[in-house]
């Protein structure tokens with residue numbers, strides 16, 4: 001059930017004329033307002049965002065999980081699905097693995113398999129928020145009360161060793177970054193010392209940082225709560241920044257859009273971390289109440305637009321070279337459709353942000369003219385850039401309308417016949 005440029009072109013043969021008309025109209029309107037349609041198209045075309053290996057199966061909640069037909073049974077089948085996704089979007093050229101959920105027996109063979117599919121490996125993700133057979137020993141070492149923050153020396157050592165092992169695996173796959181999200185914290189007041197937990201995490205991160213190969217980065221990731229509901233060690237961007245600074249010069253902060261309390265000004269956090277030189281990457285998703293891991297742009301698209309504006313300012317008008325990944329839970333949708341919609345939302349928000357007249361916006365800001373600044377932002381945000389985004393995909397050999405092309409391909413029915421149904425892919 002391979003999807004490639006030729007197959008997609010045949011599936012969309014009836015869309016070419018309609019797309020060309022829409023592209024001409026959108027480009028002309030954009031040019032009238034002083035924006036360069038060609039610049040927007042080429043910048044969107046250049047952008048890529050990693051697909052996480054765990055998102056190729058249906059997600060779930062603590063109440064239940066309902067696997068869909070043809071879920072991938074192996075890492076190789078997950079790569080097949082990412083290759084199909086990338087063929088549709090032209091913007092998912094790398095995969096981010098989560099260990100031990102997706103730990104290959106033969107990393108060299110997996111890297112070669114990915115290369116044949118036109119894929120590479122992005123940041124590695126370590127898991128010490130649950131006991132892993134290869135890391136912990138039941139009754140002796142457990143991450144129940146923390147990993148890098150644990151009071152027990154042997155438990156912290158096991159957590160550090162696991163992260164080092166993930167780094168070594170990443171080297172074999174061609175990755176150049178390690179992302180660490182810790183669930184360490186407390187559920188009860190008085191359960192542990194805030195200071196001692198933080199100090200232990202800082203010391204552990206320094207140990208891991210010192211084991212990084214040349215050219216590698218370490219990412220710290222903050223989250224205010226869950227599963228620790230009273231306190232979390234890395235609860236906010238300030239804690240993440242302090243830990244990155246304590247870890248070493250190759251440590252950076254990662255921003256997950258869902259890892260914030262309601263009404264947090266995330267775009268300002270992006271600005272602050274960029275100013276310190278410690279902004280390292282993004283996990284894209286959306287939320288209504290908490291860490292919902294909803295489809296990117298489905299709840300707060302204007303916020304995503306404003307985040308993109310900060311990134312463009314950080315990159316001097318271009319998207320900076322950071323680590324970008326989609327991190328959402330496809331509880332009800334077909335995972336490939338959900339990831340395609342997420343990628344499209346990111347591409348769309350980027351295109352809108354590229355339409356902002358930065359010089360005019362800065363002049364309005366310096367003139368203390370908030371009404372004019374709002375006009376400039378809304379003028380760009382209300383532009384119809386969908387044909388430009390579609391053209392960027394088409395130039396990459398991908399689909400003008402990814403979800404429609406995917407459904408026409410019958411990819412899911414084909415993999416369901418090959419893989420069967422009723423099984424659950426690795427992950428949460």
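The values are calculated or read from the model by the stated rules, or taken from the named source; none is laboratory data. Please read all numbers here as calculations on a predicted model, not as lab measurements. Methodologically, a virtual Cβ is constructed for each residue, glycine included, from the backbone with ideal geometry; neighbour enumeration extends over all protein chains shown.
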>> Where the second residue is in a loop (DSSP other than H, G, I, E, B) and at pLDDT 95 or above and the first is closer than 18 Å to residue 22 by Cβ and lies in segment 32-51, which pairs have Cβ atoms under 7 Å and are six or more apart or on separate chains?
In response: 35/355; 40/355; 40/385; 45/396
> So which helices (runs of 4 or more DSSP H) stay within segment 1-52 end to end and still have 2 or more residues that are over 30 Å from residue 127 (Cβ atoms), modelled with pLDDT under 95 and over 30 Å from the mean Cα position of the chain (by Cα)?
Replying inline: 16-32
>> residue 225 - would you say it is touching a residue at least 24 places away in the same chain (Cβ under 8 Å), within 19 Å of residue 144 (Cα to Cα), under 24 Å from the mean Cα position of the chain (by Cα) and surrounded by fewer than 21 Cβ atoms within 10 Å (Cβ to Cβ)?
In response: yes
> Within the set of pairs 6 or more residues apart or between chains, which connect a residue that is free of Cβ contacts under 8 Å to residues at least 12 places away in the same chain inside segment 240-262 to a residue that is assigned to a loop (DSSP other than H, G, I, E, B) and crowded, with 22+ Cβ neighbours inside 10 Å with Cβ atoms less than 9 Å apart?
Replying inline: none
>> Here is a check on your reading of the model: is residue 29 surrounded by fewer than 18 Cβ atoms within 10 Å (Cβ to Cβ) and in contact (Cβ under 8 Å) with a residue 12 or more places away in the chain?
In response: yes
> For segment 229-249, how many residues are surrounded by 23 or more Cβ atoms within 10 Å (Cβ to Cβ) and part of a loop (DSSP other than H, G, I, E, B)?
Replying inline: 2
>> If residue 303 meets every condition in (1) under 28 Å from residue 189 (Cβ atoms); (2) surrounded by fewer than 18 Cβ atoms within 10 Å (Cβ to Cβ); (3) within 18 Å of the chain's Cα centre (by Cα) apart from one, which number is that one?
In response: (1)
> Can we say residue 390 is surrounded by 17 or more Cβ atoms within 10 Å (Cβ to Cβ) and within 26 Å of residue 294 (Cβ to Cβ)?
Replying inline: yes
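Table: residues versus (1) surrounded by fewer than 19 Cβ atoms within 10 Å (Cβ to Cβ); (2) under 17 Å from the mean Cα position of the chain (by Cα).
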residue: 72; (1), (2): no, no
residue: 81; (1), (2): no, yes
residue: 106; (1), (2): yes, no
residue: 109; (1), (2): yes, no
>> Looking at segment 255-267, can you tell me whether even one residue there is over 15 Å from the mean Cα position of the chain (by Cα), farther than 28 Å from residue 333 by Cβ and at pLDDT 95 or above?
In response: yes
>> Just the residues that are under 28 Å from residue 57 (Cα atoms) and assigned to a loop (DSSP other than H, G, I, E, B), please, taken from segment 301-332.
In response: 322, 327, 328, 329, 330, 331, 332
